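Here is the structure we will look at, set down as structure tokens.
The values are calculated or read from the model by the stated rules, or taken from the named source; none is laboratory data. From a predicted model like this one, the values you see are computed outputs, not experimental measurements. Neighbour counts are summed over all protein chains in view; Cβ atoms, including those assigned to glycine, are modelled from backbone coordinates with ideal geometry.
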Amino acid sequence: MVGTLYDKVDPSGEIVELAKGGCPWKEHLYHLESGLSPPVAIFFVIYTDQAGQWRVQCVPKEPHSFQSRLPLPEPWRGLRDEALDQVSGIPGCIFVHASGFIGGHRTREGALSMAHATLAQRSYLPQIS
């Protein structure tokens, strides 16, 4: 499931798109990563929710961890709607959770923009073993 969508979202391989949310994906994603050559860390999964809005969810450091490999930027956290649009520079944002592990956008392109903007701000690249 995750493997078939791996190459179709971002040339870096650091963002994966699921057909829809609500399905378990973390174990599959870690399995997919273990077979990549060269190794690539996947940082974000994007998908639609039940209302048809887009989510950008950070991949946790480990399958059952609450720590993200790369959380959404701190200045975005806890913001909604127009306030988030202004701070992020990405129109159409819905929210970013206070911990930065998930955000919402009205469009697929906007969710990708949120992920790309976060990747552009990172200061490290985790190693996948």
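Among the residues of this structure, Gly100 counts as one that is farther than 17 Å from Tyr30 by Cα, small (Gly, Ala, Ser) and not in a strand (DSSP E or B). Condition first: under 22 Å from Ser12 (Cβ atoms), among the aliphatic types (A, V, I, L, M), assigned to a strand (DSSP E or B) and modelled with pLDDT of 95 or more. Can you find one or more residues in segment 56-71 that meet it? Among the residues of segment 56-71, at least one is under 22 Å from Ser12 (Cβ atoms), among the aliphatic types (A, V, I, L, M), assigned to a strand (DSSP E or B) and modelled with pLDDT of 95 or more, which makes the answer yes. Note on segment 56-74: residues that are surrounded by fewer than 21 Cβ atoms within 10 Å (Cβ to Cβ) and either of a type in the set (A, V, I, L, M) or under 16 Å from Met114 (Cα atoms) (or both) total 5.
Residues that are modelled with pLDDT under 95 and touching a helix residue (DSSP H, G or I) at 6+ places or on another chain (Cβ under 8 Å) do occur in segment 121-128, at least one of them.
Each row is one residue, and each column tells you yes or no for (1) modelled with pLDDT of 70 or more; (2) closer than 24 Å to Ala120 by Cα; (3) of a type outside the set (S, T, N, Q).
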residue: Ser12; (1), (2), (3): yes, yes, no
residue: Ala19; (1), (2), (3): yes, no, yes
residue: Ile46; (1), (2), (3): yes, yes, yes
residue: Trp54; (1), (2), (3): yes, yes, yes
